[in-house]
Amino acid sequence: MKEATCIGCGCTDTDACITNEGTCSWIRLSRFVGKGVCSNCEDFAEKWDDNFFLSKWTEQNKGEANV
């Protein structure tokens, strides 16, 4: 399983954000891309939902994989 990194803060599966409520969790996630949005970075969820990140990843990695 590919480790995921948050597009907002850079936390990962093995290095989560720690807040007053505890550790963060994924609210958006693509294991294929290895990226997501954690619960501490909710402001990035709309960009994710609008395919902002996936379209940028696809532009930068053309020919490597079909998203």
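What follows draws every value from the coordinates through simple rules; no lab data is involved. The structure presented is a predicted model; accordingly, all values stated were derived computationally and were not measured. All Cβ positions, even for glycine, are placed from backbone atoms using ideal geometry, and neighbour counts span all protein chains on display.
Here are the numbers for this structure:
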{"item": "Summed side-chain charge close to residue 31 - residues other than residue 31 whose Cβ falls under 11 Å, Lys, Arg +1, Asp, Glu -1", "result": "0"}
{"item": "Residues whose placed amide H lies under 5 Å from that of residue 5, excluding near-sequence neighbours", "result": "35, 36"}
{"item": "Residues 9, 38, 17, sorted so that the one with the fewest Cβ neighbours within 10 Å comes first", "result": "9, 17, 38"}
